[in-house]
Structure formats: structure tokens, C-alpha cells
Amino acid sequence: MDQKKTGQFLKTLRKEKQITQEALAEICSVTPQAVSKWENDVSYPDIILLKPLARTFGISVDELLDD
């Protein structure tokens with residue numbers, strides 16, 4: 001999982017689904033600031049969020065990790 005690629009990949013997926021950072025934060029039970037940190041390559045989503053993120057974006061966890 002390349003962190004720099006991961007942040008941009010998450011941002012691209014979110015925008016393709018027309019989901020705001022606030023909405024994604026609510027889905028994942030995190031703050032919008034946490035989503036911003038993911039997208040700006042400051043941090044990764046917690047491992048327990050991989051399935052909810054993959055479901056939200058309509059992809060597998062493997063696809064999410066193999067950005």
C-alpha cells in the first residue's frame with residue numbers, strides 16, 4: 001500500500017461517487033479532518049475501515065489496497 005498513491009486513490013473514488021469528505025467521515029464514524037488526512041497522505045484509514053470503505057466505493061478490499 002503506497003501511502004502517496006492511496007490518498008489520491010481515495011480522493012478519486014470519493015469524487016467519482018460524488019461523496020463529500022463530511023459524508024464519508026459520517027459513513028466511517030470519523031471526523032472530516034481524518035478523511036482529509038487520508039487524502040493528503042498524512043495518515044492511513046484504520047484497518048477496521050477497509051471493508052466499509054470498499055463497500056462505499058463498490059470495490060473489493062483487494063482493489064482498495066492495490067491502488
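The values are calculated or read from the model by the stated rules, or taken from the named source; none is laboratory data. Just so you know, these numbers come straight off a predicted model, no measurement behind them. With ideal geometry, Cβ positions are generated from the backbone for all residues, glycine too; neighbour counts draw on all protein chains shown. Only protein heavy atoms, including side chains, enter the accessible area calculation; ligands, DNA and RNA are left aside. Shrake-Rupley method; radii C 1.70, N 1.55, O 1.52, S 1.80 Å.
Assorted remarks:
- For percent of Cα pairs over 13 Å apart, computed directly from the structure shown, the correct entry in [x] 71; [y] 59; [z] 65 is [y].
- Student exercise, the chain dipole from Lys, Arg, Asp, Glu Cβ charges, in Debye to nearest 20: 140
- Counting charges near Pro32 (Lys, Arg +1; Asp, Glu -1) among other residues having Cβ under 14 Å from its Cβ returns a value of 0.
- For the pair Glu22 and Lys37, label points projected 7 Å from Cα toward Cβ lie 2.1 nm apart.
- Mean accessible surface per residue for the chain, computed with a 1.4 Å probe while every protein chain stays in place, in Å²: 64
- To put it simply, the accessible area of the chain at a 1.4 Å probe is 50 percent carbon and sulfur.
- Helix content alone sets the calculated 222 nm mean residue ellipticity of the chain: runs of n ≥ 4 DSSP H residues at -39500 (n - 2.57) each, divided across all residues, give -18000 deg cm²/dmol.
- The residues neighbouring Gly58, those whose beta-carbon lies less than 13 Å from its own, together hold a net charge of +2 under the Lys/Arg +1, Asp/Glu -1 convention.
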